[in-house]
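Engineer: Dumping the structure here so I can ask a few things about it.
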Amino acid sequence: MRIAFLTNHFPPAIDGVGDYTCHLAAALARQGQSVHIFCRRQENVDTPAGTQVHAVAADWGWRSFRQVFRQIRQVRPDWVFVQYVPYGFQKHGLPLPLVWLLFCLKIRGLRAAVVFHEFFNGNGLRSPRHAPVAAAQFLIGKSLAALADRAVVSNDAVARQLRAGKTKTVRIPVGANFFPENTVRLPRKHGPARIVSIGGGAHRNRLLADVLALLVHRYGMANCDLVLAGKAETAFANQLRSRARLLGVEKNLTITGLLNAAEMGRLLESATILLLLDTVERGIGGLAPKSGAAAAAWAFGLPLLGARGSLTEPDYFRHGHNCCLAENDAESVAQACFDLLRDEPLRNKIAQNGHDFYRQYLAWERIAEAYIKSL
């Protein structure tokens, strides 16, 4: 089968959806599919074995989409998968030319699927300032779903927003954005307590310094290290360091900055817990199935601890089985960390069940198989 992907950036550019596309394309190629990727022009492109990357789009304006359409017609794929994030194809989140592209594909008899990594900013409807953009995003998303032959989602929240009508909607989970090179052997052998948190925006991990201070001072874990891994906004990193200094735990906090895959892999192999503190506001948000970092925890056989919210689906994140869930406040998170760190059998149970779940559903080979099965 000949498959084409349309995505914004592609590795080595820093882009989560680009990474997703790269891993999926590589897995499909390993299974014998002919894979083409169309993306934005960039200086360097990492081309997965067995695939072809066409870096042709200059700015995702009308001219770029016309050029992409011409090249897709030359390739004549059996399916075109559009990796959709509103702001990925237009800086204001209003990619109208993408609707035109799907219409053209349809009238030319080319089958298309839209992978809705996001649909629209539903919270924007509550703000008079952002409501017009949110409403326009909703209409664009509904138009894409109506024109598509398939709609692919990773979680129930997007599926509920989408309500794709006659379009067949398929749920396929998100794989790990980092995964081990060698076979994971469980139970893991751990050294000193090390909590790793991936992410770095102010919207995530804002509680880290307070959690660390509670672990060190209240629970007596003076040797506990907390590592914020990955790219962190400079202002947020400075605020976090200042807060840690004020609480007397600066020596226990490390902020790594951007890491390559090998460096992230070594860090995760040394971790005791992976902590993900996604934003939860008035109950909305939390650990979600679209998190590649959650899948990475399970891939490495790590106990996963996350913040519970409206996006935390109980059939995916099973508290006490394949993860540990806490309320999104420093007291609850610190207590959950302490309970996991002192209870090795519980850590081993959560790690093993999470790793089994990953191998069965979230390895990229399984995800590639799910894509083919959905067609």
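The values are calculated or read from the model by the stated rules, or taken from the named source; none is laboratory data. It should be emphasised that the depicted structure is a prediction, and the values quoted were computed from it without experimental measurement. We place every Cβ from the backbone using ideal geometry, glycine too, and count neighbours over all the protein chains shown. What goes into the accessible areas is simple: the full protein's heavy atoms, side chains included, and nothing from ligands, DNA or RNA. Shrake-Rupley method; radii C 1.70, N 1.55, O 1.52, S 1.80 Å.
Engineer: Once both labels are modelled 7 Å past Cα along the beta-carbon direction, what's the Ser143-Asp339 spacing in nm?
Structural biologist: Modelled inter-label distance: 4.9 nm.
Engineer: Determine which lysines satisfy two conditions relative to Lys189: a Cα distance under 25 Å, and not lying fewer than 8 residues away in the same chain.
Structural biologist: Lys251, Lys349
Engineer: Something else about it: Within a Cβ distance under 10 Å of Ser34, other residues only, what is the Lys/Arg minus Asp/Glu net charge?
Structural biologist: Computed value for this residue: 0.
Engineer: Another question, then. Give me the 1.4 Å probe accessible area per residue for the chain, excluding ligands and nucleic acids, in Å².
Structural biologist: 45
Engineer: Can you compute the modelled spin-label distance between Thr183 and Glu43, with each label point 7 Å from Cα toward Cβ, in nm?
Structural biologist: 4.2
Engineer: Using 0.36 nm times the number of residues separating Phe103 and Glu250, minus their current alpha carbon distance, what extension gain do you get?
Structural biologist: Contour length minus Cα-Cα distance gives 47.4 nm.
Engineer: Using the alpha-carbon centroid of each, what span in Å lies between the stretch 66-96 and the stretch 26-63?
Structural biologist: 12
Engineer: Next question. Would you please give the FRET efficiency between Val56 and Ser374, computed as 1/(1 + (r/R0)^6) with r the Cβ-Cβ distance and R0 = 25 Å, to the nearest 0.05?
Structural biologist: According to the calculation, E is roughly 0.40.
Engineer: I've got another one for you. Tell me which lysines have Cα within less than 26 Å of Lys373's Cα, excluding those fewer than 8 residues away on the same chain?
Structural biologist: Lys373 reaches Lys106, Lys142, Lys166, Lys168, Lys290.
Engineer: When the helix-only estimate is applied to the chain (DSSP H runs of n ≥ 4, each -39,500 (n - 2.57), divided by the residue count), what is the mean residue ellipticity at 222 nm, nearest 500 deg cm²/dmol?
Structural biologist: The helix contribution divided over the chain gives -11500 deg cm²/dmol.
Engineer: Further question: Would you work out what percent of the accessible area of the stretch 13-55, with all protein chains in place, is carbon or sulfur (probe 1.4 Å)?
Structural biologist: That share works out to 43 percent.
Engineer: Let me ask you something else. Applying 1/(1 + (r/R0)^6) with R0 = 25 Å to the Cβ-Cβ distance of Arg241 and Glu263, what FRET efficiency is obtained, to the nearest 0.05?
Structural biologist: Rounded to the nearest 0.05, the efficiency is 0.75.
Engineer: Roughly how many percent of the accessible protein surface of the stretch 186-344 is carbon and sulfur, given a 1.4 Å probe and a whole-percent answer?
Structural biologist: Solvent-exposed carbon and sulfur of the stretch 186-344 make up 51 percent of the total.
Engineer: Which GluC sites (Glu not before Pro) in the stretch 168-259 pass both tests, a DSSP loop state and at most 10 other beta-carbon atoms within 10 Å?
Structural biologist: Glu181
Engineer: Shifting gears a bit: If you take the C-alpha gyration tensor of the stretch 107-160, multiply each eigenvalue by 5 and take the square root, what semi-axes do you get, largest first, in whole Å?
Structural biologist: Ellipsoid half-lengths, sorted descending, are 24, 14, 6 Å.
Engineer: Let's test the formula: R0 of 22 Å, r as the Cβ-Cβ distance of Arg171 and Met1. What FRET efficiency results, to the nearest 0.05?
Structural biologist: It comes out at approximately 0.55.
Engineer: Shifting gears a bit: Please express the shape of the stretch 1-160 as an equivalent ellipsoid: the semi-axes are the square roots of 5 times the eigenvalues of the C-alpha gyration tensor, given largest first in whole angstrom.
Structural biologist: Whole-Å semi-axes of the equivalent ellipsoid: 25, 17, 16.
Engineer: Restricting to DSSP loop positions (anything but H, G, I, E, B) with no more than 14 other Cβ atoms inside 10 Å of their own Cβ, which trypsin sites (Lys or Arg not before Pro) remain in the stretch 34-124?
Structural biologist: Answer by residue number: Arg41, Lys91, Arg108.
Engineer: So, one more: Short version: ³J(HN,Hα) in whole Hz for each residue of the stretch 3-11, in order, from phi by Karplus 6.51 cos²θ - 1.76 cosθ + 1.60 (θ = phi - 60°), x for Gly and Pro, what are they?
Structural biologist: 10, 10, 10, 10, 9, 6, 9, 9, x
Engineer: Taking Cα extents along the principal axes in Å straight from the coordinates, which label in [x] 63, 41, 40; [y] 69, 40, 40; [z] 67, 50, 39 is the correct one?
Structural biologist: After the calculation, the listed value that fits is [z].
Engineer: Given a 1.4 Å probe and every protein chain left where it sits, what share in percent of the accessible area of the stretch 128-171 is carbon and sulfur?
Structural biologist: 58
Engineer: For the chain, what does the relative contact order come out to in percent, with C-alpha contacts under 8 Å and a separation of six or more?
Structural biologist: Relative contact order of the chain: 13 percent.
Engineer: Report ³J(HN,Hα) in whole Hz for each residue of the stretch 13-18, in order, from the Karplus equation J = 6.51 cos²θ - 1.76 cosθ + 1.60 where θ = phi - 60°; Gly and Pro get x.
Structural biologist: 4, 7, 6, x, 5, x
Engineer: Further question: Please turn the phi angles of the stretch 312-326 into ³J(HN,Hα) values with the Karplus equation 6.51 cos²θ - 1.76 cosθ + 1.60 (θ = phi - 60°), one per residue in order, whole Hz, x for glycine and proline.
Structural biologist: Karplus-based 3J(HN,Hα) across the stretch 312-326 equals 7, 7, x, 7, 9, 9, 9, 4, x, 10, 10, 6, 10, 10, 9 Hz.
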